[in-house]
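The values are calculated or read from the model by the stated rules, or taken from the named source; none is laboratory data. All values reported here derive from a predicted model rather than from experimental measurement. Here the Cβ positions follow ideal geometry from the backbone for every residue, glycine too, while neighbour counts run over all protein chains shown. Ligands, DNA and RNA are stripped out before the accessible areas are found, and what is left, the full protein with its side chains, is counted by its heavy atoms. Shrake-Rupley method; radii C 1.70, N 1.55, O 1.52, S 1.80 Å.
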Amino acid sequence: MMTSFITPSSKNEIKSAITSKLDGYSYNYFKGEFRKADKYAAISYRFNGNKISIEITYWQDGKMNPVDYMSHCTTPSGVANKVAKFLGLK
């Protein structure tokens, strides 16, 4: 697992970056940031027992604190939807 920095142009690019190529549905343990202009969403994960929780933290350059509340998801589709909305992508 490597930390990545991606500048997506659509929600599909976000989903593709975090979805496993093996089954096309599950999370691939992507850890990094999706950036557009001065906004970015940092992606990390936690295990709660045997379930994964994907954490999204919303940041803006020049700010010391996140600009929105942290989100939690369990599917790549949920992550793609929330990050795309924050970055203003379709």
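The length gained on full extension between residue 47 and residue 63, counted as 0.36 nm times the residue separation minus their Cα-Cα distance, comes to 2.9 nm.
If you take the square roots of the eigenvalues of the alpha-carbon gyration tensor of the stretch 1-70 and sort them as a ≥ b ≥ c, do you get rounded (a/c under 1.5), prolate (a/b over b/c) or oblate?
oblate
Are there trypsin sites (Lys or Arg not before Pro) in the stretch 29-69 that DSSP marks as loop and that have at most 13 other Cβ atoms within 10 Å, and which are they?
Numbers: sites: 31, 35, 36, 39, 46, 51, 63; in loops: 63.
Filter output for the stretch 29-69: 63.
The slack between residue 75 and residue 31, meaning 0.36 nm per residue of separation minus the straight C-alpha distance, is 14.4 nm. Under 5 Å from the amide H of residue 26 lie the amide H atoms of 20, each residue being 5 or more positions distant or on a separate chain, with H modelled from the backbone and absent for Pro and chain starts. Extending 7 Å from the Cα toward the beta-carbon at both residue 20 and residue 90 defines two label points whose distance is 3.3 nm. In order along the stretch 60-67, the phi-based Karplus estimate (6.51 cos²θ - 1.76 cosθ + 1.60, θ = phi - 60°) of 3J(HN,Hα) comes to 9, 4, x, 9, 7, 10, x, 8 Hz; Gly and Pro are listed as x. The residues of the stretch 28-87 expose, per residue, 59 Å² of accessible area to a 1.4 Å probe. Taking amide H atoms as placed 1.01 Å from N in the peptide plane, the amide H of residue 68 lies under 5 Å from those of 58, each 5 or more residues away in sequence or on another chain. Probe radius 1.4 Å, ligands and nucleic acids ignored: give me the carbon and sulfur share of the accessible area of the chain as a rounded percent. Percent of accessible area from carbon and sulfur atoms in the chain: 52.
So what's the back-of-envelope 222 nm ellipticity for the chain, counting only DSSP H runs of four-plus at -39500 (n - 2.57) apiece and dividing by all residues, rounded to 500? Could you put the intermediate results ahead of the total?
Details: 2 runs with 20 residues, N = 90.
Estimated from H runs of four or more residues: -6500 deg cm²/dmol.
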